[in-house]
1. Identify, please: which residue in the range 37-62 is surrounded by 11 or more Cβ atoms within 10 Å (Cβ to Cβ) and free of Cβ contacts under 8 Å to residues at least 12 places away in the same chain and is, among those, nearest to residue 15 (Cα to Cα)?
2. Which of the following residues is in contact (Cβ under 8 Å) with a residue 60 or more places away in the chain and either within 18 Å of residue 82 (Cα to Cα) or not polar (S, T, N, Q) (or both): 15, 9?
3. How many residues does the range 29-83 hold that are β-branched (Val, Ile, Thr) and closer than 12 Å to residue 6 by Cβ?
4. Cβ-Cβ below 6 Å, separation at least six or inter-chain, first residue in the range 63-83 and modelled with pLDDT of 95 or more, second among the β-branched types (Val, Ile, Thr) and not in a strand (DSSP E or B): which pairs?
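The values are calculated or read from the model by the stated rules, or taken from the named source; none is laboratory data. All values derive from a computational prediction rather than experimental measurement. Every residue, glycine among them, receives a Cβ derived from its backbone with ideal geometry; neighbour counts consider all protein chains shown.
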Amino acid sequence: MRYAVRIDVTHLPGVLDPQGATVERALPALGYDNVSEVSIAKTIRLALDAPSESAARDQVDAMCKQLLANPVIERYTVEVTTA
């Protein structure tokens with residue numbers, strides 16, 4: 001079966017996000033004074049053939065731990081749907 005996968009990778013709580021901090025400091029200069037807690041994250045989308053949703057999740061989890069996310073500073077969430 002074919003699955004559509006969305007992986008959202010964000011910083012762990014307490015880990016500095018210099019890109020988000022830069023954007024947060026720049027927004028007031030553009031007139032956006034009501035914005036705070038800016039965080040820059042990444043989204044990875046892929047298609048995956050697997051025998052079941054559980055097998056697809058297991059494979060994506062392994063990919064995240066090995067390559068797609070840095071477990072020292074990042075966390076990730078996975079959404080799997082049938083394609």
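1. 62
2. On the way: 15 fails: in contact (Cβ under 8 Å) with a residue 60 or more places away in the chain.
Result of the check over 15, 9: 9.
3. Of all residues in the range 29-83, those β-branched (Val, Ile, Thr) come to 35, 38, 40, 43-44, 60, 72-73, 77-78, 80-82.
Adding the requirement that they be closer than 12 Å to residue 6 by Cβ leaves 43-44, 60, 77-78, 80-81.
Counting residues in the range 29-83 that are β-branched (Val, Ile, Thr) and closer than 12 Å to residue 6 by Cβ gives 7.
4. Listed by first residue and then by second, the contacts come to 73/15; 78/60.
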